[in-house]
Amino acid sequence: MAHWFDLGDVAVVPLIEDDRLLIEPGEFFPGLEPDLADWYAREPWFDRETGKLVFVIQSFLVCSADEVLVVDACVGAGKDRRRAEFDQLPDRWLRQFRATGVRDVDAVVFTHLHADHVGAVTVGADPVFPHAPHLVVEEEFRYWSSEAGAAAMRRTGDYLADSVRPIERAGQLSFVAPDAVVGKHAELVPAAGHTPGNVCVRVRGSAGTVLLAGDTMHHGVQVRHPELSTRYCVDPGKAAEVRSRILEEAGDSVLLPTHFPAPSAGRARRGSDGYVFEFAADLIRAGQFRYREWLA
Ligand SMILES: [Zn+2]
């Protein structure tokens, strides 16, 4: 069932490439043995039959009457990737984008340059949005262009070469500060740790604010245990600090981490036993988002 988030004069629309990617807990969080009595070890977070964590691969459109932003771009279609679930995908992302009725976008924002956040901006070597600037923090781009970044890419497939370099060659890659204002309703929030130039995107509408929290947290188990970073975090200690800070400062505002299972958006409530995550039913609207109808 399609859904989107209603912030009044702004709509946040998920473009979901994979709605149920199952991964062994230990692959993502080395040594983790989920506590089956805890909330994160139940649906929609955890698949009891296989004992695997549930993830979603998605990105977001931020739509207003003034502009449309794309925040991240999933794995993308037809890419050579080591992980079987990412390899040579059909064009699920573009089909979902087209279903919104949005024709062109004003900017693409990358929270960071991991394989599951950049792929759909190119088809073959061609930019999908040839008129839009693609915004990234310079430190992030420099890291993945370095030898350390290249070494990490050997386990994923070289997504910099097939998805980011074509944007750079087309003159469409723009470096921004980690706290830059990136749209009339959107600003970056520094969150380095998961990767060196990692950011979140705060989206403000007339009826609510959402923090697109990117990969500062991947799964509910990290809401329950903020100290737990993934195997793929470049600086696990810093990633844990950032996660704790976001949870502490969030208060009543809504977090929308990229890989949380649908509907993904919610509030972290502090209980006697640590945080729980409550999905934000008040902002969720069921059905296919259609831009023209929404504007009218
Ligand atoms: Zn990711």
Residue that is nearest to the ligand (Cβ to nearest atom), among those in the range 82-100 that are outside any helix (DSSP H, G or I) and open to solvent by less than 30 Å² (accessible area, probe 1.4 Å): LEU89
Among the residues listed as VAL136, VAL176, VAL182, the single one being of a type outside the set (D, E, K, R), within 26 Å of PRO257 (Cβ to Cβ), in contact with a Phe, Trp or Tyr (Cβ under 7 Å, 6 or more places away or on another chain) and modelled with pLDDT of 95 or more: VAL136
Any hit, the range 30-50, residues being in a strand (DSSP E or B) and touching a residue at least 12 places away in the same chain (Cβ under 8 Å): yes
Residue within the range 30-50 that is modelled with pLDDT of 95 or more, in contact with an Asp or Glu (Cβ under 7 Å, 6 or more places away or on another chain) and open to solvent by 30 Å² or more (accessible area, probe 1.4 Å) present: no
Elements of type strands (runs of 3 or more DSSP E) contained in the range 228-296, each with 2 or more residues being within 16 Å of the ligand (Cβ to nearest atom) and within 18 Å of the chain's Cα centre (by Cα): 254-257
Residue satisfying all of: in the range 63-76; more than 17 Å from ARG292 (Cβ to Cβ) and not in a loop (DSSP other than H, G, I, E, B); farthest from the chain's Cα centre (by Cα) among these: LEU69
Which numbered condition GLY78 fails, given (1) open to solvent by less than 20 Å² (accessible area, probe 1.4 Å); (2) away from the ligand (no atom under 16 Å from the Cβ); (3) within 14 Å of SER163 (Cβ to Cβ): (1)
Selection from the range 189-221 of residues that are of a type in the set (A, V, I, L, M, F, W, C) and outside any strand (DSSP E or B): ALA191, ALA192, ALA207, MET217, VAL221
Within the range 101-177, helices (runs of 4 or more DSSP H) holding 1 or more residues that are open to solvent by less than 10 Å² (accessible area, probe 1.4 Å), touching a strand residue (DSSP E or B) at 6+ places or on another chain (Cβ under 8 Å) and more than 16 Å from the ligand (Cβ to nearest atom): 138-145, 165-169
Residue that is nearest to ALA65 (Cα to Cα), among those in the range 262-281 that are surrounded by fewer than 20 Cβ atoms within 10 Å (Cβ to Cβ) and touching a Gly at 6+ places or on another chain (Cβ under 8 Å): ALA280
The listed residue being open to solvent by 50 Å² or more (accessible area, probe 1.4 Å) and hydrophobic (A, V, I, L, M, F, W, C), out of VAL199, VAL234, VAL203, VAL242: VAL234
Matching residues, the range 178-188, being open to solvent by less than 50 Å² (accessible area, probe 1.4 Å), in a loop (DSSP other than H, G, I, E, B) and within 15 Å of HIS134 (Cα to Cα): ALA180
Index of the failed condition, GLY197 passing every other in (1) over 23 Å from PRO30 (Cα atoms); (2) within 16 Å of the ligand (Cβ to nearest atom); (3) out of contact with any strand residue (DSSP E or B) (no Cβ under 9 Å at 6 or more places or on another chain): (3)
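The values are calculated or read from the model by the stated rules, or taken from the named source; none is laboratory data. These numbers come from a predicted model, not from an experiment. Positions of Cβ are backbone-derived with ideal geometry, glycine not excepted, and every protein chain shown enters the neighbour counts. Heads up: the accessible areas ignore ligands, DNA and RNA and are worked out on the full protein's heavy atoms, side chains in. Shrake-Rupley method; radii C 1.70, N 1.55, O 1.52, S 1.80 Å.
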